[in-house]
Amino acid sequence: MSPTPVADLASLKGTKCQFKFIGEGAANIVFEVVFPEEDVTTQDDGDSNILNILQGKLLRVPKANTKAFPHPEILQYWESSISPLFDNPQEDLVQQCLVRLDNSVISQLNAVLENEDAQRRADFQGTKVAEAEYGMLVEDMRKKFPTDSFLEFKPKWLTPSPSAPSAATRCRNCAREAYRLHKSLRSASPDQNSCSALTNEPPFCPLEYLSAQSSPCSLARVIASMNLSAISASLDTEPATRANLIGVQSAVSLDGENDGRQGMDQVDERHRVALVHWLQSNSLLPKLRDAQRRLDPAPEGTSDQEKLALAMTLRDCTCFVRISEDSKGEVRVEAKLADLDKKNWAAKWEYWKGMDEVLKEGGYYEGVEVPRVRTRCLREVERGQAA
């Protein structure tokens, strides 16, 4: 049974609402619906209903000319396949619901995009909202107040790949990062500093997220990665796409004053303490790890294909963390997972399978590529083999 839309955006025609571009990915665009103060204070019952529905949510709409599944199918998959994996989906997952679009609304959204086009990522410029019947309202996990802190990161693979060679010393993510860096070495021109991948700070290992619950060393590396990645994000990400809520940005980043990226050294000390406590004690990441492992337990890609597709979806999600204070001054940490859309299995399978073969055949799992790229996978650290 298909999900029922909670609202029809045609009802916005009688209001003076405006749409603010928030961010975008390859398949979707996110907007904020902003109502003028007079609309909020002089609303009739119909306006009140739509205002209440939109409160605390963002509007996500499909892009034109993509192969993504329709939003009703995406939401149905989320409700039937994703939510049951978590014992408390209201607290663990960014909530979303179906909304009916309207041609006039789509025209307004495209007008906003046209006005913002120069500020969009180069490969996204010129793309428009699809003439679709449905979009989605997604829970807004951004800062509610200026004093809040907002963190997003990709948990990625929280367990070693079940198809990795028995002698593997790297997890899937570190092996793939080694491949990526090694590839850049091979393609570098002689006048480029091709040794940088051999000597620079190694990529962060996602196995550290769970290890941080018991290891002070892993906890320190997680905190360090948040700081370094945040600074990197502030340099590499354009303002119009920094508030991306659909998972196209893989760096860990912490959002602070003036919509800027900041490192952990600039965060309120109470927020820092709360985040450290969350990293040490949260149940969300262990749930995610267990679901990844349960859905893809078998070596050599012999897992059930639908379950494997679901596992890969869980390995590509985003975790949003909002740190705020309640009316009594108590610090609260909210953490939820997003970017859990249904994957196009037919389109993704060959890529997943091909990448795994490249990593195995190239020796990237065992760290025997030549020249060897510097990594610091937790598996290497535990075996005393980290460079």
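One table, with the values for the structure above:
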quantity: R322 vs. criteria of a type outside the set (D, E) and touching a strand residue (DSSP E or B) at 6+ places or on another chain (Cβ under 9 Å); calculated: yes
quantity: Qualifying residue in segment 305-315 (condition: part of a loop (DSSP other than H, G, I, E, B), polar (S, T, N, Q) and at pLDDT below 95); calculated: no
quantity: Of all residues making up segment 1-34, the number that are assigned to a strand (DSSP E or B), in contact with a Cys (Cβ under 7 Å, 6 or more places away or on another chain) and open to solvent by 50 Å² or more (accessible area, probe 1.4 Å); calculated: 1
quantity: Tabulated pairs, segment 95-124, first surrounded by 19 or more Cβ atoms within 10 Å (Cβ to Cβ), second part of a loop (DSSP other than H, G, I, E, B) and at pLDDT below 95, C-beta under 8 angstrom, 6+ apart or interchain; calculated: L98/P3; L98/T4; L98/P5; L98/V6; V99/P5; V99/V6; V99/A7; R120/E238
quantity: Test: residue in segment 180-195 that is open to solvent by 50 Å² or more (accessible area, probe 1.4 Å), at pLDDT 95 or above and not in a loop (DSSP other than H, G, I, E, B); calculated: no
quantity: Checklist (1) of a type outside the set (S, T, N, Q); (2) loosely packed, with under 15 Cβ neighbours inside 10 Å; (3) farther than 30 Å from L295 by Cα applied to P84, failing item; calculated: (3)
quantity: Matching entry among K343, K348, K360 (being crowded, with 16+ Cβ neighbours inside 10 Å and either touching an Asp or Glu at 6+ places or on another chain (Cβ under 7 Å) or assigned to a helix (DSSP H, G or I) (or both)); calculated: K360
quantity: Residues of segment 196-239 classified as modelled with pLDDT of 50 or more, assigned to a helix (DSSP H, G or I) and open to solvent by 30 Å² or more (accessible area, probe 1.4 Å), total; calculated: 10
quantity: The listed residue being modelled with pLDDT of 95 or more and open to solvent by 10 Å² or more (accessible area, probe 1.4 Å), out of Q76, Q43; calculated: Q76
quantity: Near pairs, Cβ below 7 angstrom, 6+ apart or cross-chain, from segment 273-284 (in a loop (DSSP other than H, G, I, E, B)) to any residue that is crowded, with 17+ Cβ neighbours inside 10 Å and of a type outside the set (S, T, N, Q); calculated: N282/A335
quantity: Residue in segment 49-61 that is among the β-branched types (V, I, T), at pLDDT below 95 and in contact with a Ser or Thr (Cβ under 7 Å, 6 or more places away or on another chain) present; calculated: yes
quantity: Test: Q108 is at pLDDT below 95 and either under 23 Å from A132 (Cβ atoms) or of a type in the set (A, V, I, L, M, F, W, C) (or both); calculated: no
quantity: In segment 149-161, the residues that are in contact with a Gly (Cβ under 9 Å, 6 or more places away or on another chain) and either part of a helix (DSSP H, G or I) or farther than 26 Å from H71 by Cβ (or both); calculated: S149
quantity: Segment 334-363, residues that are farther than 23 Å from L75 by Cβ and not hydrophobic (A, V, I, L, M, F, W, C); calculated: E350, Y351, K353, G354, D356, E357, K360, E361, G362, G363
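Residue-wise test of (1) closer than 20 Å to A298 by Cβ; (2) under 22 Å from the mean Cα position of the chain (by Cα); (3) surrounded by fewer than 19 Cβ atoms within 10 Å (Cβ to Cβ).
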residue	(1), (2), (3)
G126	no, no, yes
G135	no, yes, no
R142	no, yes, yes
D148	no, yes, yes
S166	yes, no, yes
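The values are calculated or read from the model by the stated rules, or taken from the named source; none is laboratory data. Predicted model, so just to flag it, every value in this text is computed and none were measured. Heads up, the Cβs are rebuilt from the backbone with ideal geometry, glycines too, and the neighbour counts pull from every protein chain shown. Note: areas computed on protein heavy atoms with side chains; ligands, DNA, RNA excluded. Shrake-Rupley method; radii C 1.70, N 1.55, O 1.52, S 1.80 Å.
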